Amino acid sequence: MTSYASVARELKAAGADYRDEEVATDRNLITSRQPEDIPAFIEQIFQTLRVGGEAG
């Protein structure tokens, strides 16, 4: 997953596979870091819906 860098340490401590990327996907879970990443986040949502579910 990805998120604001300010919570990366907590996510890693909780067991998340944290990535510093615009968008991270894990099957149907789609996450992004910040408002500037919204276009990539929306594109990933559309791509996931087009293929019928799993984001890969």
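Structure summary
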| item | result |
| --- | --- |
| Cα centre as origin, Lys/Arg/Asp/Glu Cβ charges: the chain dipole, Debye | 140 |
| Which label in (i) 29, 14, 8; (ii) 21, 14, 6; (iii) 21, 15, 9 gives the computed semi-axes √(5λ) of the Cα gyration tensor in Å | (ii) |
| Stretchable slack from ASN28 to ALA13, in nm (0.36 nm times residue separation minus alpha-carbon distance) | 3.2 nm |
| For region 20-25, 3J(HN,Hα) per residue [Karplus equation, 6.51 cos²θ - 1.76 cosθ + 1.60, θ = phi - 60°, Hz, x = Gly/Pro] | 8, 9, 4, 9, 10, 10 |
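All of the numbers you see were taken from the coordinates with simple rules; none came from a lab. Since the structure is predicted, the reported quantities are computational estimates derived from the model, not experimental observations. We place every Cβ from the backbone using ideal geometry, glycine too, and count neighbours over all the protein chains shown.
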